[in-house]
Every structure is written in C-alpha cells, then in structure tokens.
Amino acid sequence: MATIEDLRERINLRLEDSFVGISEQVADLPAEDLVELLNQLKLIEAATVVMMLPIPRTIELFDQPTMTRRSAILGKQEPGRAAQIIEELSADERTDIIQQMGLLERRRILSKVSNEVKTELEHLLKYEEHTAGGIMTTEFVTLAPAMTVADALKHIRQVAREKESIYACYVIENETGRLIGAVSLRDLVMAEMGQSVADVMRRKPVTVMVDDDQESVANKIAKYNLLAVPVLEKDGSLVGFVTVDDVIDVMIEEQTEDILRMAAVEPGALDRPYFDNPIFRVVRKRIGWLLFLFVAGTLTSKVLHSYEDELKAVVALNFFVPLLIGTGGNAGAQTVMTVIRSLSLGEIGMHNAWRVVMRESSTGLLVGMLIGLIAFGQAYWVTHDPLLALTIAATVCAICLWSTTVGSIIPIIAHRVGVDPAVLSAPLITTLVDATGLLIYLTIAKIILDQI
C-alpha cells in the first residue's frame with residue numbers, strides 16, 4: 001500500500017493534470033488515513049480532493065474527529081454539494097462547522113439546506129460557542145415513563161438511524177418536556193419486557209445547563225464516567241445532550257489553549273495547520289505578551305542599575321546572577337504548572353488556598369536548602385571566598401522559597417477573580433522572579449559581605 005507521502009506526490013501531479021483520477025488514488029484508503037493525508041495538503045489541494053470524492057465518502061471524512069479545516073474545505077465546495085454534506089452530519093457537528101464559517105459562506109450554504117435543518121441550525125447557533133448548548137446535539141432518544149420496556153426497545157429500533165446515539169435514552173414528561181430520568185440501552189436489555197420505563201430509569205441523572213462552560217461539562221463527564229450528559233434549559237426542559245467524543249475535542253482544545261498561554265502565545269495561534277498560518281498572523285498572536293514581558297523585564301535592569309556600585313565593589317557577584325535568577329524562575333514555573341493543573345481538576349481552590357501556599361512554601365524551602373548546599377560548594381570552588389559562598393547559598397534558599405510562594409498565590413487569585421490562571425503563566429512568573437530575585441540576592445550580599 002502506498003504511503004501518505006507517495007499519495008501526496010501523486011495527488012499534486014494530478015492537480016496539475018486537470019484533477020483526473022484523484023478519487024481512484026484514494027478510494028481504498030481507510031477514512032483515518034485519508035484524513036491524515038488531507039490534513040497535510042494545502043487548503044486548495046484538500047478541497048479539490050474532497051470535491052472529487054462521492055458525497056457518502058466525504059461525509060465519512062467529515063465525521064472523523066481528527067479532520068482539520070472542515071469549515072474552510074466545505075466553504076470551497078459548490079453550495080448544493082456543501083448543503084448535502086451538512087444535512088447528513090450530526091447536529092453538533094454541522095453546528096460546529098457552520099459556526100466557524102464566515103457570514104457570506106454561511107448564508108450561501110444555509111440557502112440550500114432544508115427548512116428543517118435550517119431551523120435546527122438557527123436554534124443551536126443562538127448558544128455561545130464554548131458552552132454546553134454550543135457543543136450539544138439534539139438527536140437524542142426520548143421515552144415516556146409509562147412505556148413498557150418492550151415498547152421502548154421497539155421505539156429505539158424505529159428511530160435509531162436518525163439519532164447520533166442510542167446508548168443513553170432520556171425519559172421526559174410529555175406535557176412539559178422536562179427531564180425526569182435517564183435509562184441506558186443496557187438497562188433496557190437486562191430488564192423484564194413488561195416492566196415500565198419509570199421502574200427501570202435512574203431518577204435525577206447528572207445534568208448540565210445550556211450556558212455551562214464546555215470545560216465544566218467535560219469535567220463533569222470525566223468525574224461521573226458518563227458516555228453522555230443531558231443538557232437542560234433554565235425551565236428544566238431537555239434540549240440536547242453532550243457525548244464523550246465531543247468532550248475529547250473540548251479537552252484537546254482547552255489543553256492547547258493552556259499550553260499556548262503558558263508559552264505567552266494568544267489562543268487561536270494553532271487554529272490552522274502550521275504552514276497555513278500566515279507569518280503576520282503568527283506575529284500578531286505572539287507579539288502582545290512578548291512586549292508586555294519585555295517591558296516587565298526592565299525591572300531587572302532597574303535593580304541592576306540601582307546596585308551598580310555594589311556590583312563593582314564585588315565583581316564576583318556578577319558571576320552568579322544568571323544561575324540564581326534561572327533557578328528561581330524554574331522553581332516558580334514548576335509551582336505554577338502544578339497549581340494550575342490542580343485548579344483545573346478541582347482539587348484546590350480559595351477554600352484551601354492557605355494550605356496550598358504553606359505546602360508550596362515548605363517545598364520551596366526544602367528544595368532551596370538542598371540546592372543551597374550544592375551552591376555553597378560550587379561558589380567556594382570558583383571564588384575560594386566562604387562569605388561569598390554563604391551569600392550564594394542563602395540567596396538560593398530565599399529565592400526558591402519566594403518563587404514557590406508567589407507561584408502558588410497568583411494562579412489561585414486569578415482563578416478567584418475569574419481570570420484564566422494559564423494567562424498568568426510561567427513567563428510572567430519568571431519575569432517577576434528575575435527582578436525580585438536580584439533584589440533578594442543583592443540585599444543578602446549587602447548584609448553578609450563587609451566589602452559592600
């Protein structure tokens with residue numbers, strides 16, 4: 001079987017030769033491999049390949065969670081063909097694709113879809129993109145509490161082809177549409193045929209509200225080990241459900257955002273494949289934080305300038321500046337990442353913030369003492385000055401204590417005031433610790449060394 005690289009080369013040749021035979025080149029590829037190929041192609045190449053494929057095959061590709069640029073590729077299709085693809089996708093998938101389209105492309109495709117799908121899309125698009133309502137699907141199975149198990153199974157068989165999932169079914173009041181219980185397909189299969197659904201269902205199932213943040217929805221599904229969670233309006237009526245595969249997408253998205261923020265890069269910088277991102281867009285996503293950190297870094301220069309005379313008096317102090325501020329920045333970054341992770345998992349919060357600070361401070365003190373012993377030996381080996389070696393050892397201990405304390409406090413405060421803790425990330429902590437660490441170093445040096 002040809003490799004992905006071989007197929008890409010062949011497709012590029014076909015693109016130069018009037019697009020003839022593209023569908024034959026990829027006809028036998030598994031959907032997962034074809035998606036991998038499309039992700040590696042340029043946008044116009046990927047859109048051309050999709051254009052050559054039969055619609056059922058295209059729908060199979062768009063259902064793959066690893067496929068990128070779905071909205072952009074669909075926007076390059078002829079409107080009638082794009083509408084056919086949209087109509088065959090699940091409600092949450094089609095909503096996600098339409099949300100990411102430009103207004104002009106959206107109108108062009110929506111003008112071709114059926115009234116039923118258009119109404120459904122307009123309903124789902126009113127919810128915010130990163131909420132439970134924004135990622136839910138409306139294709140769920142509902143049952144009446146008075147149904148027998150036999151009637152429920154018969155009903156599921158009748159509607160199964162029209163629903164995204166049949167493993168979780170929801171029991172609602174016919175008059176109000178309010179959720180009163182949930183029952184799994186496994187529960188129904190194992191129950192007696194004559195039992196009522198009300199006897200088999202689980203009352204008060206775990207639910208989320210339409211305006212709940214998608215990350216909290218993901219955490220709830222993970223916490224209760226659910227395949228799906230029902231989504232309710234404020235009046236308690238059932239409007240959709242979020243499945244575990246949707247949650248995987250959410251987790252990938254949220255983790256990507258956190259990683260970018262920790263590197264001082266705006267979220268959205270990786271929305272497109274690497275080579276599809278224009279350089280000016282990449283610069284725009286990176287420059288803001290870099291400028292802020294650059295300006296904040298002038299504090300370090302200010303501290304050095306303020307202690308210029310002292311540094312001239314004991315030149316050897318300069319040798320250890322990079323070592324000390326680097327150690328403080330690294331210790332602070334470790335603490336920040338540990339605290340942010342625990343915050344995201346709900347393990348810590350304002351209610352136990354004092355315990356977190358004490359724990360991280362104790363850790364920083366012990367780490368500082370251990371590194372301080374090594375720092376003493378290293379400084380004495382380099383300078384043969386016991387007082388200078390003591391200064392370096394005491395500074396390492398103090399900086400580790402300070403940086404871990406600051407690194408534990410800032411994310412908790414940010415979380416409390418509603419700011420994403422990842423925004424106040426390792427680069428910011430490192431910049432802050434650089435300036436304050438120098439101040440600590442030179443203050444300790446002034447106390448211990450007689451020459452200053």
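The values are calculated or read from the model by the stated rules, or taken from the named source; none is laboratory data. Fair warning: this is a prediction, and the values are worked out from it, not measured in the lab. Cβ atoms come from the backbone with ideal geometry, glycine included; neighbour counts cover every protein chain shown.
So here's what we get for this one:
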item: Within segment 161-174, tally of residues that are in contact (Cβ under 8 Å) with a residue 12 or more places away in the chain and in a helix (DSSP H, G or I); result: 1
item: Unique match (being buried (at least 17 other Cβ atoms within 10 Å of the Cβ), of a type in the set (Ser, Thr, Tyr) and under 27 Å from residue 60 (Cα atoms)) among 170, 127; result: 127
item: Filter result (more than 17 Å from residue 337 (Cα to Cα) and either aromatic (Phe, Trp, Tyr) or surrounded by 20 or more Cβ atoms within 10 Å (Cβ to Cβ) (or both)) within segment 390-418; result: 391, 392, 393, 394, 395, 396, 397, 398, 399
item: Neighbours by Cβ (under 6 Å, 6+ apart or cross-chain): first from segment 367-395, assigned to a loop (DSSP other than H, G, I, E, B); second at pLDDT 90 or above; result: none
item: Of residues in segment 211-247 being of a type in the set (D, E, K, R) and not in a loop (DSSP other than H, G, I, E, B), the one nearest to residue 92 (Cα to Cα); result: 246
item: Residue 109 outside the structural domain of residue 213 (by TED's automatic domain parsing), surrounded by 13 or more Cβ atoms within 10 Å (Cβ to Cβ), not in a loop (DSSP other than H, G, I, E, B) and not acidic (Asp, Glu); result: yes
item: Residue under evaluation residue 27, criteria (1) modelled with pLDDT of 80 or more; (2) of a type in the set (Gly, Ala, Ser); (3) over 27 Å from residue 136 (Cβ atoms), criterion not met; result: (1)
item: Selection status of residue 89, modelled with pLDDT of 85 or more and out of contact with any Lys or Arg (no Cβ under 9 Å at 6 or more places or on another chain); result: yes
item: Candidate set from segment 124-153 (those that are in a loop (DSSP other than H, G, I, E, B) and among the hydroxyl-bearing types (Ser, Thr, Tyr)); member that is farthest from residue 181 (Cα to Cα); result: 127
item: Leading residue by the ranking (farthest from residue 151 (Cα to Cα)) among those in segment 186-202 that are part of a loop (DSSP other than H, G, I, E, B) and either of a type in the set (A, V, I, L, M) or not assigned by TED's automatic domain parsing to the domain that holds residue 157 (or both); result: 201
